[in-house]
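In what follows, a single structure is set out as structure tokens and then discussed.
The values are calculated or read from the model by the stated rules, or taken from the named source; none is laboratory data. All values reported here derive from a predicted model rather than from experimental measurement. Cβ sites come from the backbone with ideal geometry, for glycine too, and all protein chains shown count toward neighbours. Remember, those area values only see protein heavy atoms, side chains included, never the ligands or the DNA or RNA. Shrake-Rupley method; radii C 1.70, N 1.55, O 1.52, S 1.80 Å.
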Amino acid sequence: MLYRRFGRTELKMPVFSCGGMRYQHKWKDVPQSEIPRNNQQNLEATIRRAVELGINHIETARGYGSSEMQLGRILPTFPREQLIVQTKVGPMADAKEFQLDFEKSLRNLQLDYVDLLAIHGINNAELLNYSIRPGGCLEVAKKLQAQGKVRFIGFSTHGATDIIIQTIDTNQFDYVNLHWYYINQVNWAAIEAANRQDMGVFIISPSDKGGMLYKPPQRLVNLCTPLSPMVFNDLFCLSHSQVHTLSIGAAKPEDFDEHLKTLDLLDNTSAILPPILARLEEEAIATLGENWVKTWHINLPTIEETPDQVNIRAILWLRNLAIAYDLLEYAKMRYNMLGNASHWFPGNKADKVDKLDLRQCLSRSPHAERIPHLLTEAHQMLAGKEVQRLSQS
């Protein structure tokens with residue numbers, strides 16, 4: 001395993017982390033007696049495999065159902081100093097509820113402390129306020145830190161880049177968990193902001209949210225050759241020293257194997273990546289047009305500025321991916337979460353675009369005339385059964 005300094009925490013962080021949202025039995029709390037033996041055995045085998053590989057950062061959350069409780073049966077069997085354990089607790093209007101949730105996490109994990117506690121999901125201004133206002137969740141987290149129950153405090157986010165940067169610029173957090181990978185590089189400015197504050201940078205779900213790369217379409221496989229799309233994406237992310245660790249949401253012990261191929265390539269990224277990056281860009285230009293590829297995102301309105309809160313940016317982005325790289329299944333999955341995932345993936349679909357007047361909100365876009373038609377086209381291409389977040393399932 002390779003390790004990177006996790007910002008000002010000074011933790012020696014493996015470049016791959018073991019994310020804890022795919023091996024648990026249920027997405028809700030259940031009694032220990034209801035955990036099937038084979039599920040618990042698989043979870044424990046996955047953790048043992050991670051630690052054998054040097055992936056000693058085990059990451060979970062209060063919101064991941066039975067994950068913490070099931071980890072509590074395996075984590076205490078390792079020397080405590082061998083592990084870096086992270087859990088996450090969502091921000092709440094009542095900070096006492098935040099503390100109660102954390103205390104439940106610690107009991108479930110059967111640990112005296114966690115190395116990393118993230119405020120889970122600072123996705124908008126209201127949740128940021130719950131976190132940083134006097135008497136808020138951050139104040140509680142710092143009291144827990146003073147009591148020795150938490151070593152370092154961070155936050156996770158699915159929010160817009162400006163909210164992420166605003167949170168980083170408080171200089172109150174030691175690290176950030178955020179989305180950034182090849183198909184979605186919009187948060188690079190937030191990573192740069194985190195680096196200026198010497199914060200650790202943890203990339204959320206690069207293989208799943210990065211394109212469902214465990215089952216890639218053949219076109220993407222061809223474009224990424226001689227690497228698999230998963231290894232390409234890992235290598236792309238880790239070729240940037242500003243990124244410290246990528247979460248592997250392993251569901252079974254073998255799920256680490258493909259990622260491990262990345263490690264021997266990291267010293268040669270300058271030779272390996274450019275041809276693949278060039279092919280990916282060429283394919284996007286060939287299928288979408290050069291002017292669109294380079295300018296589609298310019299001066300798009302925010303969700304709040306758009307009638308019916310249509311998430312124009314996300315919809316156009318998903319259309320691009322479906323057309324350029326055949327990421328149709330991924331695009332459908334994400335599109336059908338719109339209107340159904342609250343602040344985790346905000347905004348609505350384009351099903352009512354023909355009834356909306358978008359002229360004012362699109363007035364600064366170089367593609368103002370085309371976009372309403374493209375939104376309608378995207379809806380026809382991607383609409384399907386509503387999709388819930390995993391934690392709502």
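A few comments on the model shown:
- Cut-off 17 Å, label 7 Å out along Cα→Cβ of Asn171, residues of region 193-215 by amide N: 193-200
- Where a label projected 7 Å from the Cα of Ser363 along Cα→Cβ would reach, residues of region 288-315 with amide N under 16 Å: 299-302, 305-307
- Highest average first, the peptides 133-141, 120-128, 200-208 ordered by how many other beta carbon atoms sit within 10 Å of their residues are 200-208, 120-128, 133-141.
- Net charge of Cβ neighbours under 11 Å - reference Ala160; Lys, Arg +1; Asp, Glu -1: -1
- Cα gyration tensor, region 1-70 - rounded (a/c under 1.5), prolate or oblate: oblate
- Three-way shape label, region 1-141, alpha-carbon gyration tensor, a/c 1.5: oblate
- Hypothetical label at Lys143: residues of region 82-100 whose amide nitrogen lies under 13 Å (7 Å Cα-Cβ projection): 94-100
- Helix 312-325 and the longest principal axis of the Cα set of the chain meet at an angle near 80°.
- For the chain, the longest principal axis of the Cα atoms and the long axis of helix 137-146 meet at an angle of about 30 degrees.
- Each peptide in 298-308, 252-262 receives the mean, over its residues, of other Cβ atoms within 10 Å, and ordering these scores from highest gives 252-262, 298-308.
- Charges were assigned to the Cβ only: +1 to each Lys and Arg, -1 to each Asp and Glu. The resulting dipole of the chain about its Cα centre is roughly 560 debye.
- Degrees, to the nearest 10: 37-52 long Cα axis against longest axis of the chain: 90 degrees
- Heavy-atom accessible area ranking, 1.4 Å probe, most first, across Lys215, Lys209: Lys215, Lys209
- Net charge of Cβ neighbours under 13 Å - reference Glu103; Lys, Arg +1; Asp, Glu -1: +2
- At R0 = 22 Å, FRET efficiency that the Cβ-Cβ distance of Gln380 and Asn184 yields, to 0.05: 0.40
- Which label in (1) 52, 20, 17; (2) 39, 26, 22; (3) 34, 25, 20 gives the computed semi-axes √(5λ) of the Cα gyration tensor in Å: (3)
- Cut-off 15 Å between beta-carbons: net charge of the residues surrounding Asp357, Lys and Arg +1, Asp and Glu -1: -1
- Within the full protein context, the accessible area of Lys149 is estimated at about 60 Å² for a probe radius of 1.4 Å.
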